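Asker: What follows is a structure written as structure tokens; I'll ask about it next.
The values are calculated or read from the model by the stated rules, or taken from the named source; none is laboratory data. These numbers come from a predicted model, not from an experiment. With ideal geometry, Cβ positions are generated from the backbone for all residues, glycine too; neighbour counts draw on all protein chains shown. These area figures cover heavy atoms from the full protein model, side chains too; ligands, DNA and RNA do not enter into them. Shrake-Rupley method; radii C 1.70, N 1.55, O 1.52, S 1.80 Å.
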Amino acid sequence: MKAKDLAKKLGVSPATISLVLNNKPGISNALRKSLLEQIHELGYGQMLCESCREGSAPGQQAAVKAEEPGGGGCACKSIAYFIYHEHDYLEDMNDPYNFFSGVLEGIEAEAWEHDYYLIMLHAGRHKKATIEEQLRRAGNVAGVIVHPCSIDEKIAETVRSLPVPCVFMDTYTDSTWQPPSVCISNSQGMHRVVRHLKELGHRRIGYVSSGWESLLNLERRRCFREAMRDFGLCCSESDFFTAGEESGLVDYTSLSGNFGSAKSLPTAIVCESDRQAWRSIMALQAVGKRVPEDVSVVGFDDGAICTTIEPNITTIHNSPQLMGRQCVLMLENLLRLKDLGEEAWLRYELPASLILRESTGPAPLEL
């Protein structure tokens, strides 16, 4: 029986079963003891990793060994999903419309297909342990998927010094160092958006950003300008609007003020994310504009938020599950190249498809 089948039989997630089979921390002792007893009762005790629980009774966690990342010890290999951020937590982790859960689902599914366990690690302002220390405590980690809010030289130096391959997810950098990464094609997405709006008759197209100058957001804005130029349309700085801080999901006061004070508004607005598209629709309605009759609105990422507002949001589809799966596959390729004695820079861009909904329509007729 495979571990994922055992997880289904016991009514728990594959991640929980992996912690039990590999005797890793992350669940309560009571749950661990209960699951171990059920595994033995069902006759699947042979699935337990003897080297991980050597000297421990069922339900008793062995001391965690200090192993070198990617080194010896337990034969059960793991992939670490490392969330690297500057604050105590990520705002988006508490946002029901974020894609973290989808990414994690994709990583977990693909990791199981390749017989890896999955562990999640964090780096925060108050977490003193370095990434090297966390990987050493985690045991036999074969590779790391890194999800940073931004890349600086410190992060780059740390990752380059690790003895295991690392893949960055949805990450962009303006430095000469280009890490192995899996990203969505922002260029393809913006070109499809602008083409769609131009075909609907729009010639004056604006842009709404959060104001958070992350490399991802800067990349999307650059791709929007590039697409406008490629389709022969002009960008006016007066048509670029800032929505405000990311954490204020339901706060569109600042944006409605910007719209209300503008001499005139573009007939279409492209947003750096679905969250900004949601805010744009609410702000436009607050100043008496109809969507899409007066102004069309397009988001980016195709999150659940797109169908929680009227009209539903036209957007660029971004599959977090596929992104997670591709990160694991890229790690496999990097490990294979390492065995061949070769080092390579790899980058995989997911295709960006346009999802048409009710927030876009023909440009209004000029009076």
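Asker: If each residue of separation counts as 0.36 nm, what is the full-extension length gain between residue 346 and residue 177 once their alpha-carbon separation is subtracted?
Answerer: That works out to 59.6 nm of additional length.
Asker: OK, next. Can you tell me the FRET efficiency between residue 233 and residue 27 if r is taken as the Cβ-Cβ distance and R0 is 56 Å, rounded to the nearest 0.05?
Answerer: That gives a FRET efficiency of 0.55.
Asker: Modelling each spin label as a point 7 Å along the Cα-to-Cβ direction, I'd like the residue 308/residue 132 distance in nm, to one decimal.
Answerer: Inter-label distance under the simple model: 4.2 nm.
Asker: Ok, one more. DSSP loop (so not H, G, I, E, B), at most 11 other Cβ within 10 Å: list which chymotrypsin sites (Phe, Trp or Tyr not before Pro) in region 285-367 pass both filters.
Answerer: Passing both the DSSP loop test and the Cβ count: 345.
Asker: Right, something else. I need the trypsin sites (Lys or Arg not before Pro) found in region 188-272, filtered to DSSP loop residues with at most 11 other beta carbons within 10 Å of theirs.
Answerer: Taking region 188-272 and a limit of 11 other Cβ atoms within 10 Å, the loop trypsin sites (Lys or Arg not before Pro) found are 263.
Asker: Taking the Cβ-Cβ separation of residue 204 and residue 226 as r and a Förster radius of 25 Å, what is the calculated FRET efficiency to the nearest 0.05?
Answerer: Numbers: r = 18 Å, r/R0 = 0.71.
So the FRET efficiency works out to roughly 0.90.
Asker: At 7 Å along the Cα-to-beta-carbon direction for both residue 253 and residue 161, put a label point, then send me their distance in nm to one decimal.
Answerer: 4.6
Asker: For residue 202, what accessible surface area do you get with a 1.4 Å probe? Give it in Å², rounded to 10.
Answerer: Number for this one is 0 Å².
Asker: Ok, one more. How far is it, in nm, from the label point at residue 154 to the one at residue 264 when both lie 7 Å from their Cα along the line to the Cβ?
Answerer: Going by the 7 Å Cα→Cβ label model, 4.9 nm.
Asker: What do you reckon, how do 355, 184 stack up by accessible area (1.4 Å probe), largest on top?
Answerer: If we order 355, 184 from most to least accessible, we get 355, 184.
Asker: I've got another one for you. I need the shape label for region 170-277. Rule: rounded when a/c is under 1.5, else prolate if a/b > b/c, else oblate, with a, b, c from the alpha carbon gyration tensor.
Answerer: oblate
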